[in-house]
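The values are calculated or read from the model by the stated rules, or taken from the named source; none is laboratory data. A quick note: this is a predicted structure, and the numbers were derived from the prediction, not measured. Surface areas here come from the heavy atoms of the whole protein model, side chains and all, with no ligands, DNA or RNA. Shrake-Rupley method; radii C 1.70, N 1.55, O 1.52, S 1.80 Å.
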Amino acid sequence: MTTRLSWMVVTCLAGAIFASAGAQAKDLKLTTTDTMIPTGEAGIQLFVRNKHPVGQTKFTADKILLYVHGATYPSETAFDLPIGGKSMMDLIAARGYDVYLVDVRGYGRSSRPPEMSQPPAANKPIVQTRVAAKDFGTAVDYILKKRGVSKINVMGWSWGTSTVGLYTSENNAKVNRLVLYAPQWIRTEPPPANPPQLGAYRLVSKDSAKERWLKGVPEDKKADLIPAGVFDAWADATWATDPDSVTKNPGMLRAPNGVVEDTQLYWGAGKALYDPGKITVPTFVLHAEWDADLPSYLAQNYVKQLKNAPYWRMVEISEGTHTVMMEKNRMQFFRELMNFLSEEKPLALND
């Protein structure tokens with residue numbers, strides 16, 4: 001029988017941005033390793049970053065976490081962007097975790113398929129969700145072998161929730177706990193009458209990224225939502241991962257269109273790309289109230305599909321967007337994440 005833990009709504013604590021968790025991390029030294037791992041396909045390697053406490057090399061399955069990005073931007077520039085001196089990756093590693101991030105092909109520092117060196121219209125969309133899940137599985141297997149464990153914790157953001165959700169539904173034995181940050185699910189809005197023809201990839205500007213970030217935020221809340229300097233630091237780091245961006249003025253980031261095609265064929269057409277009912281591991285859904293990309297109703301409908309998870313939990317953070325991990329309430333995000341990953345005996349009746 002599936003037991004569902006309660007859906008909690010976390011209230012905003014204004015100004016409590018970089019408090020105690022940052023203090024816990026400030027004196028602990030971390031080691032960082034960047035690796036390119038092979039996929040078995042000619043010319044395609046994946047960028048993997050690892051952080052953990054210096055001198056620690058042994059980790060149990062419940063102390064290992066692998067994170068993957070969403071549809072447009074790479075993992076590194078959000079998950080490992082220093083804010084107040086510490087990135088989300090730093091904060092988790094400072095709790096004694098062995099933390100990894102991966103970029104699937106076509107993103108960040110991973111190999112770009114040859115279609116991305118041609119004009120977008122010259123090829124059909126590339127890097128669909130199933131391809132991303134295959135790349136994610138390559139990273140999982142790399143970590144399992146490296147650490148000598150049989151399973152790890154996995155986490156995806158946005159489109160990354162479909163990547164890890166699909167992967168987990170087919171590989172439950174390799175997953176300890178599953179974290180879905182702003183999950184994709186079937187949309188109820190009618191699809192556009194004339195959807196655009198898709199090329200292999202799309203071009204994204206920094207201005208459009210800023211507009212997208214703040215979409216749905218009340219006007220009187222926009223000024224203090226993103227900590228000072230964070231958007232520019234994130235955008236500069238993100239666009240720098242695409243060597244082609246410097247050849248255009250203004251710089252434009254290339255992002256594969258496989259995810260857009262999947263949205264047209266599945267989520268936007270009333271069909272599921274995979275079955276969450278096949279997920280049989282503890283699952284945590286994190287969401288924020290002003291998420292205009294993937295609104296709250298998607299997360300609420302998604303958790304209803306988790307019929308075979310031993311338990312699930314959903315937390316919605318107030319005064320946050322799709323990018324709450326880098327906003328003023330990021331420490332709420334961090335604490336809720338760590339509560340889920342580190343809790344013992346979550347179904348116990350007593351302490």
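Structure data summary
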| item | result |
| --- | --- |
| Cα gyration tensor shape for the chain, rounded if a/c is under 1.5, else prolate or oblate | rounded |
| Average accessible area per residue (Å²) across segment 210-351 - probe 1.4 Å, nucleic acids and ligands excluded | 42 |
| Over the chain, relative contact order from alpha-carbon pairs under 8 Å, at least 6 apart, % | 23 |
| Volume of the Cα convex hull of segment 190-329, divided per residue and given in Å³ | 153 |
| The chain - percent of accessible surface contributed by carbon and sulfur, probe 1.4 Å | 53 |
| Over 20 Å between alpha carbons, listed pairs Lys151/Lys271; Lys145/Lys174; Lys51/Lys206; Lys206/Lys271; Lys51/Lys345; Lys278/Lys304 | Lys151/Lys271; Lys51/Lys206; Lys206/Lys271; Lys51/Lys345 |
| DSSP beta bridge pairing in the chain, given as percent antiparallel to the nearest 5 | 40 |
